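> One structure, as C-alpha cells, below. Some questions next.
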C-alpha cells in the first residue's frame, strides 16, 4: 500500500535549504524563477510613467513673523504693570525700548559710572536709625513694648515723646 | 473666429511675467506671476545681454526663497494672491534668498501658527476651553496649557486670553496655548481686569509693532498704561482712569489714517492738557 502512493511533499518543504542540497543547479534556477514570478505578480504597482520630482526652491509660509521683525505684543509703560515691565529677559525688547527712551532724555547728563562697593553714607544713617530701635526692643520689658511702634515699612522706631502728666493750667 | 479668441486668450493669460526685483514696493494684483532673480536671466531677451559666466552649475546656484503671505508657488514662479505692495527682506545670516511677501490690508483674521492673539473664552467643554479669536471657528485651549495650571487657577468664561497658536491650518480646528515651548508663560495667559478691548485692521497692528514705530513711543510718554496687541486685530488697553483709557483707544484707532504731522499735533495737545 505504501509503495503505491507516492508521498507528495509540499512546495514549501521542497523550497527549504536541506531539500535543495541534492538538486542540480538548473532545477535550482527554475525554482528560483518560479518564486520570483509568484512574488512579482503579487506586488501591486502603478501603471504611470515615471514622475520626476522637482526640487522646489520656494517655501511657502503664511506667517508674518518671518517677514517683519515685530515686537512682542504685550507692553507696559511708566511702570503700570511691574510684571511686564522691568524684569525678565523675555521682555528685553522693552528694556531696550525703555533704555532708548530714557537715554534720549539723559543724553546731556554726565554719567559717572563707578562701581560702588562701599555702602553710602545715607544708607548707613538709615540703617542706624532703625538699628537702635531694633536692639532696644530686644531688651525692653513687656510694658515697654507699646513704646516701640512699627512704621508702615516695618521699621522699628522708638517713640520720641513719652506721655507725661500734664498739669492743668487753671 | 478662432483667431480673435486665441489672441484674447493669450492676453488674458497675462502679459509676460515681471521680475520680482523690479516690482518691489509697487502695487501687485492677484493673478500676476513674478519671476525670481535666477529665472529672469534665462527668460530675458535671449542672448542680447551678456551675462558673466558662472562657474557653478546652475542647479547649485539656486537659493531657497520663502514666499510669505499673499504669494503662492506656481511652478518656478511666484503667483500673487492678494493685492498690495510687494516687499522683500534680505536674508540675515547666510542661508536662503530672502523673503518675499505682499503687504496687504484686511480686517478678517485667518489663524496662523505662531501668532500671538487675544481671545475671548466663550465656552468650557470637557478638558478644553473654546476661545473666540475672530477666525472661522473658535480655537481650543487646553486647561493645562497655562503656567502653574491648577484646579483653582483657571480662566472663566468671558475672560481675555493672550496666547499663541500651535496648530492652525485650513483643515483642522485651531489650537492655542498660553505657554511657550519651555513651559513658561512669557507674558501670555489671562489678561487682567478692567481695560478696553477694541478691534482694528490687521495692517495697523503690524505697523504699530514694527521695531521703529514712533506711535508707540509717543503714546508711552503720555501716562502710565498697559497695551496688549493681538495679531488678530484686537488691542486691549488699560490706564489709570477711564478717560485716559478712552483717549488711548481713540488715538490708536485714528492713527491709521493720520499723517505724522497730524499725529504730532494731537500728541502735543494732549501733553498740554
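Residue-by-condition table, conditions (1) under 25 Å from residue A:64 (Cα atoms); (2) surrounded by 18 or more Cβ atoms within 10 Å (Cβ to Cβ); (3) within 9 Å of chain A (Cβ to nearest Cβ):
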residue	(1), (2), (3)
B:164	yes, yes, no
B:174	yes, yes, no
B:193	no, no, no
B:198	yes, no, no
B:210	yes, no, yes
B:224	no, no, yes
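> While we're looking at this one, here's another question. Going through segment A:10-47 one residue at a time, which ones are exposed (fewer than 10 other Cβ atoms within 10 Å of the Cβ), more than 60 Å from the chain's Cα centre (by Cα) and in a loop (DSSP other than H, G, I, E, B)?
Across segment A:10-47, the qualifying residues are A:10, A:21, A:22, A:24.
> Still on this model: Right, residue A:50: surrounded by fewer than 10 Cβ atoms within 10 Å (Cβ to Cβ) and outside any helix (DSSP H, G or I) or not?
Yes; evaluated as a whole, the condition is true for this residue.
> Being on the phi > 0 side of the Ramachandran plot, crowded, with 16+ Cβ neighbours inside 10 Å and at pLDDT below 85 is the filter here; which residues of segment B:60-82 pass it?
none
> Somewhere in segment B:261-270, is a residue more than 26 Å from the chain's Cα centre (by Cα) and not in a helix (DSSP H, G or I)?
The answer is no, given that none of the residues of segment B:261-270 is more than 26 Å from the chain's Cα centre (by Cα) and not in a helix (DSSP H, G or I).
> If I ask for residues that are modelled with pLDDT of 90 or more and within 20 Å of residue A:83 (Cα to Cα), which ones from segment B:192-208 would you list?
B:195, B:196
> What are the residues in segment B:175-189 that are free of Cβ contacts under 8 Å to residues at least 40 places away in the same chain and not in a loop (DSSP other than H, G, I, E, B), if any?
B:175, B:177
> Has segment B:35-56 got any residue that is at pLDDT 80 or above, surrounded by 14 or more Cβ atoms within 10 Å (Cβ to Cβ) and either over 18 Å from residue A:61 (Cβ atoms) or within 14 Å of chain A (Cβ to nearest Cβ) (or both)?
yes
> Report, by residue number, each residue of segment A:55-104 that is at pLDDT 85 or above, in a loop (DSSP other than H, G, I, E, B) and closer than 15 Å to residue B:187 by Cα.
Residues satisfying the conditions are A:71, A:72, A:73.
> Could I ask something else about it? Please give the strands (runs of 3 or more DSSP E) falling wholly within segment B:83-154 in which 2 or more residues are surrounded by 15 or more Cβ atoms within 10 Å (Cβ to Cβ), within 15 Å of the chain's Cα centre (by Cα) and within 14 Å of another protein chain (Cβ to nearest Cβ).
Of the strands (runs of 3 or more DSSP E) lying wholly inside segment B:83-154, those with at least 2 residues that are surrounded by 15 or more Cβ atoms within 10 Å (Cβ to Cβ), within 15 Å of the chain's Cα centre (by Cα) and within 14 Å of another protein chain (Cβ to nearest Cβ) span B:84-89, B:99-103, B:116-125.
The values are calculated or read from the model by the stated rules, or taken from the named source; none is laboratory data. Please read all numbers here as calculations on a predicted model, not as lab measurements. Cβ atoms come from the backbone with ideal geometry, glycine included; neighbour counts cover every protein chain shown.
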